[in-house]
Structure formats: C-alpha cells, structure tokens
Amino acid sequence: QEKKILTLAGDGIGPEVMEQALHVLNWVQENSDLSFSVEKDLVGGASIDANGVPLTKEVIAKAKAADAVLFGSVGGPKWDGIGFDKRPEVGIIGLRKELGLFANLRSAIVFDSLIGASTVKPEVIQGLDLMIVRESTGGVYFGEPRGIETLPDGTRKGVNTEVYTSVEIERIARVAFELARQRQNRVCSVEKCNVMESGLLWKEVVTELHKKEYSDVQLSHMLADNCAMQLVRNPKQFDIILTGNLFGDILSDLAAMLTGSLGMLPSATLGARQANGVIPALYEPIHGSAPDIAGQGKANPLAQILSLAMMLRYSFDQQTISEKVVNACEAVLNQGLRTPDIMSQGMKLVGTADMGKAVLAE
Ligand code: NAI
Ligand code: MG
C-alpha cells in the first residue's frame, strides 16, 4: 500500500538539508518493498513570498491527507518585520494545531565518534539514548486566563495559567508508555507536584493509567528541578522522560546540549489516532533555519536524515530500515566526515551535499 508523504522544506537551510533526506528516501523506496508518493510544498517565509501567508489552506489539507509530514525549518531575518500572527513560524505552529499534534518526541542520542563535541565528560554521555515526550498543545503556554493588565494603582501584571485536564495527561502518558515498550520499557514522569496543582493531577493520572494498562512498564516520578540536575549529573539513568509543555521545552534543550550538536537531533510530533487508523505525524530536525549559514552549502543534513529515520520507524513501522539509516549516519561520522558545526581536529571537513552522499553510500 502506497504511503503519502508531504515534504515541507521551508526556509534557510531547510531546503538544503531536505534535499539530502530526499535522496535517502529515494534509496529506501528503491531498496525495500515500501512505496511512497512524495509531494512537496511551501511553508513559512517561502510560502509568504509565493502566497502571502505562511501556511495555506491547501497545505493544511495536504498535511491532513498525508500519512506523515517531513518538515524542514521556517523563519529568517527577511520576514522579521511581519506581524506576530503572520510570521513564518506560524507555518509550524499552525500545522501542529491543525493536525492536533500534542505529543512532541525529542531524542538525545550521543554518537560515539562525536563525544568530543560535547562539553560534558565522556563517561557521562557515552551511549546516551534518551527521549523526551513533551505535551505540546496544553499547559501554561495556552492556559486561560492570560494577558498583561494594569491594576488601579498603575502596577502592571502579567498572567499565565498552567492548566492540564485528565484527558490531556492521559493521552500524552499513553504515548510515552507505548513508546517505552519499543525501547527500554522505562518511563520517568516529571512534574512539580510539590508546588503545583496541575502537577499533582499529572502524577495521579499517570499513576492510575500505569496501574490499569501499562504495569509492565517501569514507571518512576521525579520533580522537574531535580530532573534538570539529574540530566546533567547522570543522563543515562533515563530512557523516556514524560512531561508537560513548559518543563519539556526546557529539559529537551538541556538534553540536546548534552549531545553537543543541534545539527544532529531529530524530533517527531504526533497526534491522536484517526478513524482511518492513521496517527497524524510531523518529523523535523530540532534546529531552525540557521540564517547565518543558509545558502553556503555547509549545513549539517544529519538531523533531517535522522528525522526521516524516525518517520520510517514510528509512522511506517519499519524498524530495520530505520536502523539502517541511523547506522549509515553513524558510519559517516566514524569515517571522520564532519560538517563545520561538528568539526574537530584531525577530521575531514565536508559540506551538506558530500555528507548526504556519504550517508547514501553507507
Ligand atoms: P537555529 O537552530 O536556526 O540556529 C542556531 C545555531 O545553530 C546557528 O548558529 C546555526 O548556524 C546552527 N545550526 C542550526 N542547525 C544547523 C545545522 N543543521 N548545521 C549546522 N549548523 C546548524 O536557531 P536560531 O538561530 O535561534 O533561529 C533561526 C531561525 O529559525 C529563526 O527564525 C527561528 O524562529 C527559526 N526556528 C525555526 C524552527 C522550526 O522551524 N521548527 C525551530 C527553531 C528556530
Ligand atoms: Mg523545532
């Protein structure tokens, strides 16, 4: 059965790294019994230039009809003056909203040959492979009431509200438990139940669901501040970290930096299973459009290629071929090939296209 993939390369280095990922996708197509139809379209600044808006209705419809979306990155100084609700970033935010993508999966993987690129002690991160499952459509970033008001005495007040319902907590916890079964079967649920009501409910709902349906998975709980500390002290204690929007935002950046390079890390955002059985999913590198190096042919394409590998694994259930892609990325690193962002002494400096070619060869 043919799978529909929509690719949205976006702006800056997006199209440069996407090109390399598409070569790998072609290889997958030619070397497996999978068959894909790949459609390309515009998003972000590129869509503003062509259509006047960062996300067209047509693209939303195509994304909804697709089995998975492979996304590049959006944004750049060219569109900086544009109003808050028309800027390129609305391209990605709008897609997440339209597709109901509430689960953000960010992995932090350390490749052996890149250990020198991290500032963290080698023994702390060697072999690290953790995933943060972050709730991404609720919590304090969206809760009401919110706003800035001026009190009668002239004092100004900024308000945000952390809100989580049991429904929201249960569906994100379910994603984490399901993923755990495909990994090391361990989930650490992170909140601040010592000072937050939403955290208290979070812990309660996760515990209940675990007891009812996922008691085979090892579950632990941790306060968010302690988790930040533990991530720096001993990150390998974690397999999956399950958490809300705000803590997930911060902890996933922390985890990313443990690995030493932004250009290496893929992510996925998933929604709820539809009536037709499809789980809406969007795969993208965690990095942005890197305007400072765009158009120079030196962006690292590995995060985009690894995002494709995640797509093969989580949307198309192709564990073996996904691993082949990940292993090929690891092999080019072992060969000593490096884009400038991960360059170190004695290694061979290559550009985006040569890195892509080397992955293909492996
Ligand atoms: P960025 O991730 O684009 O760049 C940060 C730094 O990392 C830069 O020095 C860049 O050159 C480097 N870098 C990033 N990816 C790289 C790669 N693949 N290879 C080599 N070097 C790489 O983040 P920044 O500068 O904060 O944002 C730039 C633009 O991207 C902004 O407009 C921002 O809104 C947008 N952005 C978009 C995202 C998305 O599309 N999901 C996510 C993050 C930022
Ligand atoms: Mg992102």
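The values are calculated or read from the model by the stated rules, or taken from the named source; none is laboratory data. Just so it is clear, the model here is predicted, and its values are computed rather than measured. Ideal geometry is used to build each Cβ from the backbone, glycine not excepted, and the neighbour counts take in all protein chains shown.
Pairs meeting the criteria (first residue in region 150-176 and under 18 Å from GLY100 (Cβ atoms), second residue surrounded by fewer than 16 Cβ atoms within 10 Å (Cβ to Cβ) and not acidic (Asp, Glu), beta carbons under 9 Å, at least 6 apart or on different chains) are VAL163/PHE142; ARG171/ALA272. Is it fair to say ILE250 is away from ligand 1 (no atom under 11 Å from the Cβ), within 16 Å of ILE109 (Cβ to Cβ) and assigned by TED's automatic domain parsing to the domain that holds THR137? The answer is no for ILE250.
If I filter region 45-63 for residues that are away from ligand 1 (no atom under 15 Å from the Cβ), closer than 20 Å to SER307 by Cα, outside any loop (DSSP other than H, G, I, E, B) and in contact (Cβ under 8 Å) with a residue 12 or more places away in the chain, do I get at least one hit? Yes, because at least one residue in region 45-63 is away from ligand 1 (no atom under 15 Å from the Cβ), closer than 20 Å to SER307 by Cα, outside any loop (DSSP other than H, G, I, E, B) and in contact (Cβ under 8 Å) with a residue 12 or more places away in the chain. Selection of region 321-346 for residues being over 13 Å from PHE111 (Cβ atoms) and either surrounded by 17 or more Cβ atoms within 10 Å (Cβ to Cβ) or more than 16 Å from ligand 1 (Cβ to nearest atom) (or both) yields ILE321, SER322, GLU323, LYS324, VAL325, THR339, ASP341, GLN345, GLY346. The test for being within 16 Å of ligand 2 (Cβ to nearest atom) and touching a strand residue (DSSP E or B) at 6+ places or on another chain (Cβ under 9 Å) holds for MET264. For residues that are assigned to a loop (DSSP other than H, G, I, E, B) and within 16 Å of ligand 2 (Cβ to nearest atom), scanning just region 281-300, find the one that is nearest to ALA66 (Cα to Cα). Within region 281-300, the match that is nearest to ALA66 (Cα to Cα) is ILE286. Taking GLY277, is it of a type in the set (Gly, Ala, Ser), surrounded by fewer than 20 Cβ atoms within 10 Å (Cβ to Cβ) and within 14 Å of ligand 1 (Cβ to nearest atom)? So GLY277 does not fit the description; no.
Summed over region 1-42, residues that are part of a strand (DSSP E or B) and farther than 30 Å from VAL53 by Cα total 2. The set of residues in region 64-85 that are part of a loop (DSSP other than H, G, I, E, B), within 14 Å of ligand 1 (Cβ to nearest atom) and surrounded by fewer than 16 Cβ atoms within 10 Å (Cβ to Cβ) comprises ASP80, GLY81, ILE82, PHE84.
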